[in-house]
Each structure stands twice: as structure tokens, then as C-alpha cells.
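Written out below as C-alpha cells is the structure these notes cover.
The values are calculated or read from the model by the stated rules, or taken from the named source; none is laboratory data. Since we're looking at a predicted model, the values are computed, not measured. Neighbour counts are summed over all protein chains in view; Cβ atoms, including those assigned to glycine, are modelled from backbone coordinates with ideal geometry.
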Amino acid sequence: DVKVTQSSRYLVKRTGEKVFLECVQDMDHENMFWYRQDPGLGLRLIYFSYDVKMKEKGDIPEGYSVSREKKERFSLILESASTNQTSMYLCASFGGLAAPGFFGEGSRLTVL
Amino acid sequence: ILNVEQSPQSLHVQEGDSTNFTCSFPSSNFYALHWYRWETAKSPEALFVMTLNGDEKKKGRISATLNTKEGYSYLYIKGSQPEDSATYLCAFEGPGNQFYFGTGTSLTVIP
């Protein structure tokens with residue numbers, strides 16, 4: 001059974017803390033994505049990566065960074081968490097053109 | 001940012017009713033249109049990926065059609081069941097593996 005695994009389902013952090021969200025896929029996919037989902041706004045793309053050590057900004061990259069040191073792992077980093085980053089974060093991997101995506105179960109982050 | 005619109009935003013139907021929703025997307029630079037089902041507390045799950053104008057896909061009671069010239073796709077559910085309750089997302093795939101998601105249609109099937 002193919003899998004995308006996100007490290008934490010629920011996190012509570014304080015303003016200013018550094019936050020790491022980890023995502024691991026076991027399908028040998030090159031393309032990995034980080035989205036956030038907020039009510040009424042759908043899935044918005046934060047960052048994506050086509051290959052190891054490569055990253056591209058999505059639509060809302062401000063306040064985030066990413067790391068892709070190994071093909072199977074794509075990490076989202078909040079350098080200094082703020083309350084407006086309270087959200088559901090979803091990781092996805094895609095196998096190529098017109099191939100279905102596989103999603104993790106999401107990480108719900110609350111920043112106090 | 002590319003605009004992908006889904007309608008309606010939410011829908012309540014009685015068990016046994018058939019229903020359909022719409023995804024609208026730009027008709028240029030089209031590679032594929034994806035449909036996903038997202039149940040509460042689970043991961044979004046791929047339903048269909050369609051690439052050709054006129055494509056029709058079917059999985060059980062759920063089917064989808066695609067019109068790339070006018071930029072829309074319909075998702076149909078025949079004889080809705082409570083287990084069909086979920087948010088249905090569409091995503092436009094453009095050049096360079098870019099994906100743009102709609103805001104989803106939330107379906108509630110009332111027993």
C-alpha cells in the first residue's frame with residue numbers, strides 16, 4: 001500500500017517558535033508538494049520540489065522554507081511561527097504528468 | 001495564480017438522490033484534470049485523472065466528464081449513499097507539474 005506519511009497529526013506551538021513538518025513518501029516520486037488548507041480557501045500551494053535539493057515557491061511561500069535532502073523526504077519549516085500560520089498542512093507526492101497524487105493525512109498546527 | 005472554481009460550495013442530498021457538481025478551469029495550457037475525494041480525518045484520495053476532451057471516467061456509482069474546450073468537468077454521483085459524504089476537490093494540472101486546486105464541494109448525504 002503506497003503511503004505518504006506526515007510526522008505529526010496535531011501540533012501546538014507558541015509564536016516565534018521554529019516548527020518542522022516532515023513528510024515521507026515510499027513511491028520513489030520526484031515531485032512533492034506542501035499545501036495549506038483554510039476554510040473557504042481550498043488548498044493553497046506553499047512550496048514544491050521536483051528533485052533532491054530543488055525547490056520552487058508556490059503561491060504563498062512567505063514565512064516558510066523547505067528542505068529536500070533525500071528523494072523520499074520533504075520538510076516544511078516555519079522559521080518563526082505566527083498565529084496566522086495556524087492551519088491544516090497537507091503534503092502530496094505525484095508520480096509525473098497526469099498521474100494521480102497521493103496525500104498525507106495532514107498536520108493541524110495551532111500557533112498560540 | 002490560476003483560477004479553478006467549484007460549485008456548489010456545499011450540498012445536502014437525501015440518500016438515494018443523484019447529484020452532480022462542477023469544476024471550471026482555464027481552457028489553455030491544459031494537461032489534465034484531477035478529481036479527489038476527501039473524507040473527514042482522512043487523506044484526499046484520487047478518483048479520476050482525465051486528459052482528453054470528451055473523456056468520461058466511471059468508478060462504481062461515481063462518474064466524471066471533461067470538456068477542455070470550454071473548461072469544465074462534471075462529477076456525478078448516482079444514488080448517493082451516506083458513505084459518499086465528503087469534500088470533492090478538483091485540480092487543474094498545467095505545464096511543469098503545476099497543480100491548482102478548487103475550493104471543493106462539500107457533500108452531505110442524509111440517511
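Looking at the structure I just gave you, is A:Gly58 within 27 Å of B:Leu33 (Cα to Cα), surrounded by 16 or more Cβ atoms within 10 Å (Cβ to Cβ) and either touching a His at 6+ places or on another chain (Cβ under 9 Å) or at pLDDT 95 or above (or both)? For A:Gly58, the condition - within 27 Å of B:Leu33 (Cα to Cα), surrounded by 16 or more Cβ atoms within 10 Å (Cβ to Cβ) and either touching a His at 6+ places or on another chain (Cβ under 9 Å) or at pLDDT 95 or above (or both) - is not met. A:Ile60 meets all of the listed conditions (1) in contact (Cβ under 8 Å) with a residue 24 or more places away in the chain; (2) part of a loop (DSSP other than H, G, I, E, B); (3) away from every other protein chain (no Cβ under 14 Å); (4) not small (Gly, Ala, Ser) but one, namely (3).
Taking the range A:1-25 as the search range and keeping residues that are outside any strand (DSSP E or B) and at pLDDT 95 or above, which one is nearest to A:Phe74 (Cα to Cα)? The qualifying residue nearest to A:Phe74 (Cα to Cα) is A:Lys18. Scanning the range A:31-54 for residues that are of a type in the set (Val, Ile, Thr) and either part of a strand (DSSP E or B) or under 8 Å from the mean Cα position of the chain (by Cα) (or both) yields a count of 1.
Cβ-Cβ distances below 9 Å connect the following pairs, each with a first residue in the range B:63-84 that is among the charged types (D, E, K, R), a second residue that is part of a loop (DSSP other than H, G, I, E, B) and surrounded by fewer than 17 Cβ atoms within 10 Å (Cβ to Cβ), and a separation of six or more residues or different chains: B:Lys69/B:Ser27; B:Lys69/B:Asn53; B:Glu70/B:Ser27; B:Lys78/B:Ser18; B:Lys78/B:Gly60; B:Lys78/B:Arg61; B:Glu83/B:Glu39; B:Asp84/B:Arg61. Out of A:Leu76, A:Leu45, A:Leu109, A:Leu21, one residue alone is within 15 Å of B:Ala91 (Cβ to Cβ) and of a type in the set (A, V, I, L, M). It is A:Leu45.
Which fully enclosed strands (runs of 3 or more DSSP E) of the range B:36-111 have 2 or more residues being more than 14 Å from every other protein chain (Cβ to nearest Cβ)?
Working: elements: B:45-50, B:56-59, B:62-67, B:72-77, B:86-94, B:98-101, B:105-110.
Fully inside the range B:36-111 and qualifying: B:56-59, B:62-67, B:72-77, B:105-110.
Candidates A:Cys23, A:Cys91: the one that is surrounded by 14 or more Cβ atoms within 10 Å (Cβ to Cβ) and within 30 Å of B:Leu52 (Cβ to Cβ) is A:Cys91.
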